[in-house]
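Written below as structure tokens is the structure these notes are about.
Derivation of every value follows stated rules applied to the coordinates shown; laboratory data play no part. Every value quoted in this text rests on a predicted model; they were computed, and no experiment measured them. FYI the Cβ positions are ideal-geometry reconstructions off the backbone, even for glycines, and counts take in every protein chain you see.
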Amino acid sequence: MPVFDVQQFRQQFAFFQQQPDWVYLDNAATMHKPQAVIDAVTQFYQQHNSNVHRGAHQLSQQATALFEHARTTVAHYLNAAHSEEIIFTSGATAALNQIAFGLMHTELKAGDRILLTQLEHHANIVPWQLHCQRHGVIIDVVPLTVERQLDMLAYEDLLALKPKVVSFSHISNVLGHIQPVAQMVALAKAAGAITVVDGAQGIVYQQPDMQLLDCDFYVFSGHKLYGPTGIGVLYGKSAWLERLTPIFAGGEMIDTVSFINTTFNKLPFRLEAGTPNIAGAIGLSAAINWLQKHNTEQIKNHKLLLLKDFYSGLNAIKAVDILSQPVHNAGIVALNVDGEHPSDVTALLNQQQIAVRGGQHCAMPLFSHLALPGAVRCSFAAYNTLDDVNRCLLALEQAVEILTA
Ligand SMILES: Cc1ncc(COP(=O)(O)O)c(C=O)c1O
């Protein structure tokens, strides 16, 4: 396989031309956008700006065609069975809230169980608490092994309690560990549960195949897949989307309205109240089209090389405690400098224009379990280089020297 040309890939990002001194290793938070995405969004506003699904004029028809084409692009990317299985939301958080709220109104009742895991992002915990637990639904949690992997034996034991819903992340946003998602979905389905996969980090690691994975719901945010912020996707099998009570109500999602009663639109519009993020959907579709022009295996291998070099450099730095396992890792490394607060480390790295994140990464239950105040998270993307890895390692070495002096 030809080697991935990282410089050619990187040149497609105006950010790196304009800010050449920054080492950006905060990709799990959000990714930079290639010019193709910026152009698609700009072109929409400059040439086609109009509202969708409601205008008799040509501009609105163009905007509608672009918006619906974006839905088809996402549907193909996920290998969904139908494009109406793609609901545009503002992000993974909004999608998870819609699922939790929607299921509580139709499927769940007091005493039912929901199964989550110890390493979930707050977006896959708090909606279940807010919309379900306070109505008497019980939340169970899959624990971790000492290697900070999901304890699959405990998972099977908890499935024996017959949860109505099992919801877990494809990839941990803190540790980068890739979950055995296909196995987890299959086991949950065999136990009769509704399956929800939080693909916020998974989507950039691997193109998921909905018909193969066979989960009932899969969610992600566009901004972690080279797309704009404010756009996300709630994929659901049609039968399950039909069972969701809309969390938002208003224009677009209705069929008829009177002061006595409202009847609702068909999918996907029933779950897309109000004016959608038209430019965001078009930008996301541009991101997917752009990404598909690149060889994903080469990208995966490139990230693996970065990870390998990063780990061997880290292992040589004394006083660094690495929380993430190097195997089955999607390119996210959580670490700490012994006895030092992660914010002190990130502040020193920031002084050298190394962008990493420190703290609890919206995963407080994970850090309670680890009994740590947080961690420094370095997350890699395809546009990162070996030079980025080396500069980060050097800055970490210097931070250790300063903090432990
Ligand atoms: C695993 C995971 N789930 C959910 C989210 C929430 O995504 P957003 O803030 O884009 O809605 C994130 C964001 O970091 C995440 O990493």
Report task. Taking the Cα centre of the chain as origin, work out the dipole magnitude from +1 charges on Lys and Arg Cβ and -1 charges on Asp and Glu Cβ, in debye rounded to 20. Result -> 640 debye
Report task. Pull out a ≥ b ≥ c, the square roots of the eigenvalues of the alpha-carbon gyration tensor of the stretch 85-170, then state rounded if a/c is under 1.5, prolate if not and a/b is larger than b/c, and oblate in the remaining case. Result -> oblate
Report task. Would you give the gap between the C-alpha center of the stretch 101-140 and the C-alpha center of the stretch 331-405, rounded to a whole Å? Result -> 32 Å
Report summary line: Of the residues Pro342, Ser50, Met210, the Cα lying farthest along the dipole of the chain towards its positive end, which is defined by charges on the beta carbon of Lys, Arg, Asp and Glu, belongs to Ser50
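With a Förster radius of 60 Å, plug the Cβ-Cβ distance of Leu386 and Ile260 into 1/(1 + (r/R0)^6) and report the FRET value to the nearest 0.05. Could you put the intermediate results ahead of the total?
Details: r = 67 Å, r/R0 = 1.11.
Step by step, r from the Cβ atoms, then E = 0.35.
Antiparallel as a % of all DSSP beta bridges within the stretch 38-291, to the nearest 5?
50 percent
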Requested in this report: List the equivalent ellipsoid semi-axes of the stretch 38-291 in whole Å, largest first, each obtained as the square root of 5λ for an eigenvalue λ of the Cα gyration tensor.
Outcome: 32, 22, 14
Query raised in the report: Which peptide among 218-227, 390-399, 196-205, 98-107 comes first, and what is the full order, when sorted by highest mean count of other Cβ atoms within 10 Å?
Result: 218-227, 196-205, 98-107, 390-399
Query raised in the report: Going highest first, how would you order 159-169, 336-346 by mean Cβ packing within 10 Å?
Result: 159-169, 336-346
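Give a quick list of chymotrypsin sites (Phe, Trp or Tyr not before Pro) in the stretch 251-294 that DSSP marks as loop, anything other than H, G, I, E or B, with at most 14 other Cβ atoms within 10 Å. Please report the intermediate quantities before stating the final value.
Values: sites: Phe259, Phe264, Phe269, Trp290; in loops: Phe259.
Hits after loop and neighbour filter: Phe259.
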Report summary line: Charge dipole of the stretch 64-136 built from unit charges on the beta carbon (Lys, Arg +1; Asp, Glu -1), centred at mean Cα; most positive-end Cα among Thr72, Pro127, Ala92 is Pro127
Requested in this report: Evaluate the charge dipole of the stretch 251-344 about its Cα centre and quote only its size in Debye, nearest 20, assuming +1 on the Cβ of each Lys and Arg and -1 on the Cβ of each Asp and Glu.
Outcome: 400 debye
Query raised in the report: Which Cα, out of Thr145, Gly236, Val174, lies furthest along the positive dipole direction of the stretch 38-291 (beta carbon charges, K/R +1, D/E -1)?
Result: Gly236
Requested in this report: Give the shape of the stretch 23-104 as rounded, prolate or oblate, defined through the alpha-carbon gyration tensor: a ≥ b ≥ c are the square roots of its eigenvalues, a/c under 1.5 means rounded, and otherwise the shape is prolate if a/b is larger than b/c and oblate if not.
Outcome: oblate
Query raised in the report: What's the local net charge at Ile231, with K and R +1, D and E -1, over the other residues with C-beta under 14 Å away?
Result: +2
